[in-house]
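The values are calculated or read from the model by the stated rules, or taken from the named source; none is laboratory data. In this text the structure is predicted, and so the values were computed from the model without any measurement. Neighbour counts are summed over all protein chains in view; Cβ atoms, including those assigned to glycine, are modelled from backbone coordinates with ideal geometry.
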Amino acid sequence: MDTAALQVDQPPTSNGKPTASGGPSVWTTDLAPAEDGQRTKISAQTFEWWYFDTIMDDGSTCVATFLDTIPFVGSQALQPILQLNISRPDGTYQQFQAPFPPEAYAAASDRCDVRIGPNRVKSWGGSYHLHAEGDGMKADLTFEAGVPGWRLGPVLTPDEAGGQWLGEQVVLASGTVTGTLTYDGKSHDVRGTCYHDHQWGGGKVGTAASAVTPVMWYWGRASAGEYSMWFAQVFVREGTGPTEPLVAPCMLAHDGRMSLDTNSPATVTLTAGSKELAVVWPSPQGSVTLILASPTEIASFNDAKYLRYVADAHLTVDQQGVRTERRGKGIWEINHFI
């Protein structure tokens, strides 16, 4: 299998966080504003999207995604899409997904400034300001970073970014959000935790000879006390062989700073029936276990092949023999391609 299909390059030796062995880690945090701007050249083969989620103190959630086109299908015209879902404190939710004409889309290349019709998200002075609306819902939110952004490998050129099957950059690993959510005809003042990442791509997984097919992914993030964590696991199938993970990056931050790197892949398992997601991550610096339990569905797209949940988070961190347990909240999703 071509495990380099995501083109995850090692960073320069002068970059990154020192590990316990004294070498660099596989991530860096010196992100420039332009790295959250348009990364690929717009074409019939490429795609790009900006994802924002929040977990509010009142129990509500909001997720907004600005897509320049439908990802992973290839050979298509520009088709901007807004996805918006708001879950109420009682767990019920609304969602909105709508295409817009190509001329309704614009994205800056020097920073995050994306417009799709009346919807816009823009970075300014270290903050993000987001407006999204649809189906009687509206979100007007300001995101403030609490943990620095995160990148695997060096900055890619537009051609390199468009040649990946899927590139991802965690821009706002954890932070705070304030603003208003409008639903059921009322405006609600909210505050809580937030997250933002940015994806792009257009290249194929593997080669025609290897016939590697993307199957599904798990993705999630959690905040628990002074810790925040992000994880992903992408599964593929080679020919008619078994489904297996292609890549499984993780990130852990403590008190606003990166704590563990991604030198060792995590194992993500889903308990049938209860939908309890367990992430077990061994690392040279220690082990991390994240349990996301008692999930509540907050979005369902693509005929329920793409599901998103908010869940109770139980995080256990064991570093150099010191065991710490924290509880909080997390958002996770499962996306089936076939």
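The residues on offer are G162, G91, and the sole one that is assigned to a loop (DSSP other than H, G, I, E, B) and more than 27 Å from L260 (Cβ to Cβ) is G91.
Candidates E244, E238, E297: the one that is surrounded by fewer than 20 Cβ atoms within 10 Å (Cβ to Cβ), touching a residue at least 60 places away in the same chain (Cβ under 8 Å) and out of contact with any strand residue (DSSP E or B) (no Cβ under 6 Å at 6 or more places or on another chain) is E244. Report, by residue number, each residue of region 165-187 that is in a loop (DSSP other than H, G, I, E, B) and within 16 Å of W200 (Cα to Cα). Within region 165-187, W165, L166 meet the criteria. Taken over region 279-304, residues that are within 16 Å of N335 (Cα to Cα), of a type in the set (G, A, S) and either at pLDDT below 90 or outside any loop (DSSP other than H, G, I, E, B) (or both) amount to 2. Of all residues in region 43-63, those that are free of Cβ contacts under 8 Å to residues at least 40 places away in the same chain and surrounded by 17 or more Cβ atoms within 10 Å (Cβ to Cβ) total 0.
Taking every residue in region 182-193 that is closer than 9 Å to M137 by Cα and pairing it with any residue that is assigned to a strand (DSSP E or B), at least 6 positions away or on another chain, the pairs with Cβ-Cβ distances below 6 Å are T182/K138; Y183/I86; Y183/M137. Scanning region 152-161 for residues that are buried (at least 18 other Cβ atoms within 10 Å of the Cβ) and either under 14 Å from G37 (Cα atoms) or not assigned by TED's automatic domain parsing to the domain that holds Q199 (or both) gives L156, A161.
Taking region 89-110 as the range and being crowded, with 16+ Cβ neighbours inside 10 Å and under 22 Å from the mean Cα position of the chain (by Cα) as the test, the residues that pass are Y93, Q94, Q95, F96, Q97, Y105, A107, A108. Within region 273-290, is even one residue basic (K, R), more than 17 Å from the chain's Cα centre (by Cα) and on the phi > 0 side of the Ramachandran plot? Checking region 273-290: at least one residue is basic (K, R), more than 17 Å from the chain's Cα centre (by Cα) and on the phi > 0 side of the Ramachandran plot. Within region 36-64, being part of a loop (DSSP other than H, G, I, E, B) and in contact with a His (Cβ under 8 Å, 6 or more places away or on another chain) holds for R39, D58, S60.
Condition test on F66, is it surrounded by fewer than 17 Cβ atoms within 10 Å (Cβ to Cβ), hydrophobic (A, V, I, L, M, F, W, C), under 17 Å from the mean Cα position of the chain (by Cα) and closer than 30 Å to T213 by Cα? Judged against the criteria, F66 is not a match. Tell me, please, whether a residue that is buried (at least 18 other Cβ atoms within 10 Å of the Cβ) and not in a strand (DSSP E or B) can be found in region 206-217. Yes, because at least one residue in region 206-217 is buried (at least 18 other Cβ atoms within 10 Å of the Cβ) and not in a strand (DSSP E or B). Name the pairs whose Cβ atoms lie under 9 Å apart, with the first residue in region 318-329 and modelled with pLDDT of 90 or more, the second in a strand (DSSP E or B) and among the acidic types (D, E), and 6 or more positions between them or separate chains? From region 318-329, the pairs are T324/D318; R327/D312; G328/D312; K329/D312. A residue that is free of Cβ contacts under 8 Å to residues at least 60 places away in the same chain, among the small types (G, A, S) and not in a strand (DSSP E or B) occurs somewhere in region 135-151. Of all residues in region 238-260, those that are among the aliphatic types (A, V, I, L, M) and modelled with pLDDT under 85 total 5. Got at least one residue in region 54-74 being more than 21 Å from F301 (Cα to Cα), at pLDDT 95 or above, polar (S, T, N, Q) and not assigned by TED's automatic domain parsing to the domain that holds F337? No, region 54-74 contains no residue that is more than 21 Å from F301 (Cα to Cα), at pLDDT 95 or above, polar (S, T, N, Q) and not assigned by TED's automatic domain parsing to the domain that holds F337.
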